[in-house]
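Enquirer: Just dropping this structure here.
The values are calculated or read from the model by the stated rules, or taken from the named source; none is laboratory data. As the structure is a prediction and not an experimental result, all values here were calculated from the model. No Cβ is skipped: glycine too gets one built from the backbone with ideal geometry, and neighbour counts run over all protein chains shown. Protein only, heavy atoms only, side chains kept; ligands, DNA and RNA dropped before computing areas. Shrake-Rupley method; radii C 1.70, N 1.55, O 1.52, S 1.80 Å.
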Amino acid sequence: MSVLAILHPGQMGAELGRALVDVGHEVRWLPAGRGAGTRRRAGAAGLVECDGVDGCDVVVSVCPPAVALEVAHTVAGFRGVYVDANAISPEVAGQVAAVVGDRGASYVDGGIVGPPPARAGTTRLYLSGDGADDVAAAFAGSRVDARILAGGGAAASALKMTYAAWTKITAALLVSVRGAARDLGVEEALVAEWALSQPELAGRYRAALGAAEGKGWRWEEEMRQISRTFAAAGQPPGFGAAAAELFARWPRPVDD
């Protein structure tokens, strides 16, 4: 059994923690500064409340990408394995690695593809860097499919960014296209043409709009991270920037 901590258990983090608890690990969380919603999720997942990360073998950061670097600064003195599983660019992953490395921890880069893992076969946790094997071993037998990537210490973040660029930027484009048609007075005609020539788009639009309404507040910064990733790779950064502008229209809901 390993002792792990999840920083800070939102929907994804809580389900990752539950998956680890279910295969026999002790999983902790830190309540300082967290709301009632976080406490409710952590309790339901079987996570153990604690004041710090002393005694933990592994710390997993699962938080909004805008605060990934800030969260890394909160574990001063931790000397175990720090896994950043956030939707951040390889550049920011390098900054997080420097922060935790300067304080004595080992860094493992992570990238999550799929929904919160309520069942097996839906969610992959990609890992890269020294120590990735040990982190993957902690998930062995769980409903999280932990996969190790070659290609450098930030390979998991690079994969996450390029994967999400397609799934989420195309969602933003669909929402924007339908909105433009509405404002131009041709929405009904567009939907009718979709039914004739692109019948799958009606369902994809509904899913995209629902995702934007529920997760746009979180995806806004993720799109900016994608923009940075593309720029660093010599690709046009405007796709991510435009999607960020669209997702910014949906504010973060109040966590009760």
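Enquirer: Among DSSP beta bridges whose residues both lie in the chain, state the antiparallel percentage, nearest 5. Could the numbers behind the result be given before it?
Expert: On the way: 5 of 27 bridges.
In the chain, approximately 20 percent of DSSP beta bridges are antiparallel ones.
Enquirer: Could you sort the peptides 201-207, 20-26 by per-residue average Cβ neighbour count (10 Å cutoff), highest mean leading?
Expert: 20-26, 201-207
Enquirer: Let me ask something else about it. Is the shape of the stretch 1-138 best called rounded, prolate or oblate, per the rule: a/c under 1.5 gives rounded, else a/b larger than b/c gives prolate, else oblate, with a ≥ b ≥ c the square roots of the Cα gyration tensor eigenvalues? Don't jump to the answer; show the numbers that get you there.
Expert: On the way: a/c = 1.35, a/b = 1.19, b/c = 1.13.
It is rounded, given that a/c, with a ≥ b ≥ c, falls under 1.5.
Enquirer: Per-residue HN-Hα couplings for the stretch 109-115, Karplus 6.51 cos²θ - 1.76 cosθ + 1.60 at θ = phi - 60°, whole Hz, x for Gly and Pro?
Expert: Going residue by residue, I get 7, x, x, 9, 10, x, x Hz, with x marking Gly and Pro.
Enquirer: On to the next question. Leaving out ligands, DNA and RNA, what percent of the accessible area of the stretch 125-213 is carbon and sulfur, probe 1.4 Å? Mind dumping the intermediate values first?
Expert: Working: 2710 of 4670 Å².
Of all accessible area on the stretch 125-213, carbon and sulfur atoms account for 58 percent.
Enquirer: Right, here's the next one. Within 15 Å, Cβ to Cβ, of Thr123, how many net charges do the neighbouring residues add up to if Lys/Arg are +1 and Asp/Glu are -1?
Expert: Values: positive: Arg18, Arg119, Arg124, Arg143, Arg147, Lys160; negative: Glu15, Asp22, Asp145.
Once positives and negatives cancel, what remains is +3.
Enquirer: Using mean Cβ contacts within 10 Å as the protection proxy, how do 214-224, 189-199 order, highest first?
Expert: Numbers: 214-224: 21.3, 189-199: 11.9.
Result, highest mean Cβ count within 10 Å first: 214-224, 189-199.
Enquirer: Extension gain Gln235-Ala36, at 0.36 nm per residue separation less the Cα-Cα distance, in nm?
Expert: Details: separation 199, 0.36 × 199 = 71.64 nm, distance 4.16 nm.
My answer for the length gained is 67.5 nm.
Enquirer: Of the peptides 75-85, 112-122, how do they stack up when ordered by the mean number of other Cβ atoms within 10 Å, highest first?
Expert: Packing order, densest peptide first, comes out as 75-85, 112-122.
Enquirer: Take the alpha carbon gyration tensor of the chain, find the square roots of its eigenvalues, order them as a ≥ b ≥ c, and report rounded if a/c is under 1.5; if not, report prolate when a/b exceeds b/c, else oblate.
Expert: Numbers: a/c = 2.04, a/b = 1.73, b/c = 1.18.
Here the chain falls in the prolate category.
Enquirer: Spelling out what I want: for every residue of the stretch 151-165, take phi, set θ = phi - 60°, compute 6.51 cos²θ - 1.76 cosθ + 1.60 (Karplus), and round to whole Hz; glycine and proline get x.
Expert: In residue order, the calculated couplings are x, x, x, 10, 4, 5, 5, 4, 5, 4, 5, 6, 5, 5, 4 Hz.
Enquirer: To the nearest 10 degrees, how steeply does helix 201-232 sit against the main Cα axis of the chain, on a 0 to 90 scale?
Expert: 60 degrees
Enquirer: Once amide H atoms are placed 1.01 Å from N in the peptide plane, what residues at a sequence separation of 5 or more from Tyr82, or on another chain, have their amide H within under 5 Å of its amide H?
Expert: Val59, Ser106, Tyr107, Val108
Enquirer: So, one more: With everything on Cα atoms, drop me the angle between helix 187-197 and the longest principal axis of the chain, reported from 0 to 90° to the nearest 10.
Expert: Approximately 80 degrees, to the nearest ten.
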